[in-house]
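This report refers to the structure that appears directly beneath it.
The values are calculated or read from the model by the stated rules, or taken from the named source; none is laboratory data. Keep in mind that this is a model prediction, so the values were computed, not measured. Positions of Cβ are generated from backbone atoms using ideal geometry, with glycine treated the same way; all protein chains shown enter the neighbour counts. Accessible surface areas use protein heavy atoms only, side chains included; no ligands, DNA or RNA. Shrake-Rupley method; radii C 1.70, N 1.55, O 1.52, S 1.80 Å.
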Amino acid sequence: MTSELDHFDICIVGAGVVGLAIACQLSRHPLLRRHSLVILERESGFGQHTSSRNSEVIHAGIYYPQHSLKARLCVRGKHLLYEHCSRHDVAFQRTGKLIVAQTTQAGELEQIADKAAANGVEDLRWLDFRALQELEPAVRGHTALLSPSTGIIDSHRYMESLLHLAQQAGAHYAPYTVVDAVEPTATAYQVQCRIGGNTEQESYRFTADSLINCAGLEAQSLASRIAGLPATCIPSLYLCKGDYFSYTGRSPFRHLIYPVPEKHITGLGIHGTLDLSGQLRFGPDANYVETLNYTIDPHKNIHFAQAIAPYFPDINANRLVPAYAGIRPKLVPAGAAAADFSIQEYSAFKLPGLIQLFGIESPGLTASLAIGEHVAELVCDYLG
Ligand SMILES: Cc1cc2nc3c(=O)[nH]c(=O)nc-3n(C[C@H](O)[C@H](O)[C@H](O)COP(=O)(O)OP(=O)(O)OC[C@H]3O[C@@H](n4cnc5c(N)ncnc54)[C@H](O)[C@@H]3O)c2cc1C
């Protein structure tokens, strides 16, 4: 360890929901509680990127391949998240969700139900046409699956609670701190940062025994600035943008309403979700883009209305108003089967204590506390 530099046992880069949940789980871990921890965030505050540009849905764990990290961490994360919300005064609602199949899609809905059961989601209920009409009169479909354990959450308040718990346990939080480069030394990682807002910036160096890269859309870029990390360890990044439109006026739905995803599309199909104030919004769609750009073409409302009409025939395109957009950090290009989360440790490459998270798209919010648990175990294997 370089004695003249400040030192932290654990350094987390990125205060999105994943970095904050990791910090919270590390500070709760019986063997890591006494280790010093710092969370670095380039922006003025936490969660300003993907973590505040999503549907705020607590997913049940229905769609992901059996045994995948997405399936395991979503199902575990959902339980941890509901418990966390109840205990720490974070607003949430178990709205329930309907996946609505049209006449030709009954077989696909059965496959979804089988996948859910394989993932341990055992509370799904089948609704026939009549039961669907009774539950959601504005929705049209041949059959539907009701997922009672799907819900919505105040994600900002959730992140605030994670940071608060980590800080209460002694974690340091440094906003306006950009990590520029990482240099492994014989015993630690030397972290080179810039501190300060857009105007006056100072450079600052410190060492850390364990470094956790959860920089979201910037994770690959940061990985490329870690000396000694083989380029083959850094997966490709593909940006996939999702736009949302608010539906003005009173919501015709009480549940979250999803179509059966069509085979050729990326994502779950344009669906209707509610926020905690009852506002209905539709989205996200999925378009691969080259750069980070969150603007929305207002004329897309027509395309949205066409996609929504099969399950909501009374859709009025004029009530669809651009809301916001988010960008998924995908690991595979358009047309490829969805990739799993990638959570890597590098002891085999003589970089022990380095942990990197790539491709943490949906259900990353739901899975965040389970991701935190998993990463805390990896850190414990090294430091504990
Ligand atoms: C359209 C969309 C809808 C979604 N809907 C849902 C949903 O309903 N439910 C669900 O469970 N999940 C959903 N997700 C997924 C979820 O939002 C993400 O998995 C989660 O927010 C990822 O969090 P993160 O912390 O990894 O990334 P981010 O929130 O992007 O955080 C990364 C942080 O790292 C910081 N950073 C980057 N580089 C540096 C650096 N060099 N130095 C310091 N700091 C740095 C950034 O400023 C940022 O704050 C959705 C995602 C999208 C895109």
Taking θ = phi - 60°, what integer Hz values does the Karplus form 6.51 cos²θ - 1.76 cosθ + 1.60 yield along segment 4-14, in sequence order, with x for Gly and Pro?
6, 8, 4, 9, 10, 5, 10, 10, 10, 9, x
Please arrange 59, 156, 35 by accessible surface area, largest first, computed with a 1.4 Å probe and ligands excluded.
156, 35, 59
In Hz, Karplus ³J(HN,Hα) per residue of segment 90-107 (6.51, -1.76, 1.60; θ = phi - 60°; x = Gly, Pro)
9, 5, 7, 8, 7, 5, x, 9, 10, 9, 9, 9, 8, 3, 7, 10, 4, x
Is any residue of segment 5-25 close enough, with backbone N under 15 Å, to a label point placed 7 angstrom from the Cα of residue 194 along the Cα-Cβ axis, and if so, which?
none
Rounded to the nearest 10 Å², what accessible area does residue 221 have for a 1.4 Å probe in the complete protein model?
50
Mean separation of Cα contacts under 8 Å (at least 6 apart) over the residue count of the chain, i.e. the relative contact order in percent, is 25
GluC sites (Glu not before Pro) restricted to DSSP loop in segment 1-85 with at most 12 other C-beta within 10 Å:
4
For a quick check: with amide H placed at 1.01 Å from N, whose amide H comes under 5 Å from residue 101's, ignoring anything fewer than 5 positions away on the same chain?
142, 143, 144, 145
Rounded accessible area of residue 341 (nearest 10 Å², 1.4 Å probe)
10
Just list whichever of 70/241; 115/350; 78/350 have alpha carbons separated by over 29 Å in the model shown.
115/350; 78/350
Where segment 238-347 is the region considered: accessible area per residue in Å², 1.4 Å probe:
47
Rolling a 1.4 Å sphere over the protein heavy atoms, what is the accessible area per residue of segment 176-228, to the nearest Å²?
44
Using +1 on the beta carbon of Lys and Arg, -1 on that of Asp and Glu, and nothing else charged, what's the dipole of segment 224-347 about the Cα centre, debye to 20?
180
Within the under-15-Å Cβ sphere about residue 277, not counting residue 277, Lys/Arg +1 and Asp/Glu -1 give a net charge of +1
Percent RCO, i.e. relative contact order, over segment 261-345, from Cα pairs under 8 Å lying at least 6 residues apart
26
What residues have an amide H closer than 5 Å to that of residue 39, excluding those fewer than 5 places away on the same chain, when H is modeled at 1.01 Å from N in the peptide plane?
12, 172, 173, 174
Backbone HN-Hα couplings from phi across segment 291-298 [Karplus 6.51/-1.76/1.60, Hz, Gly and Pro as x]
10, 6, 8, 9, 6, 10, 6, x
Just in segment 290-384: which trypsin sites (Lys or Arg not before Pro) are loop by DSSP and have at most 10 other Cβ atoms within 10 Å?
350
Using a 1.4 angstrom probe on the protein heavy atoms only, could you order 299, 255, 172 from most to least accessible area?
299, 172, 255
Going by amide H atoms built from the backbone, whose H comes under 5 Å of the H on residue 279, apart from near neighbours?
none
Using a 1.4 Å probe on the protein heavy atoms, what percent of the accessible area of the chain belongs to carbon and sulfur?
50
Got the relative contact order for segment 305-374 handy, in percent, Cα pairs under 8 Å and 6 or more residues apart?
23
Low-density loop positions, trypsin sites (Lys or Arg not before Pro), segment 93-157 - DSSP coil, at most 15 other Cβ in 10 Å
94
Aspartates and glutamates near residue 300 by alpha-carbon distance under 17 Å, same-chain residues fewer than 8 away left out - which ones?
243, 285
Would you mind pulling out the separation of the Cα centroids of segment 271-315 and segment 32-72, in Å?
23
In terms of the alpha carbon gyration tensor, root eigenvalues a ≥ b ≥ c, rounded if a/c is under 1.5 and otherwise prolate when a/b exceeds b/c or oblate, segment 260-301 is oblate
Can you tell me which aspartates and glutamates have their Cα less than 13 Å from the Cα of residue 330? Leave out same-chain residues fewer than eight positions away.
218, 290, 340, 361
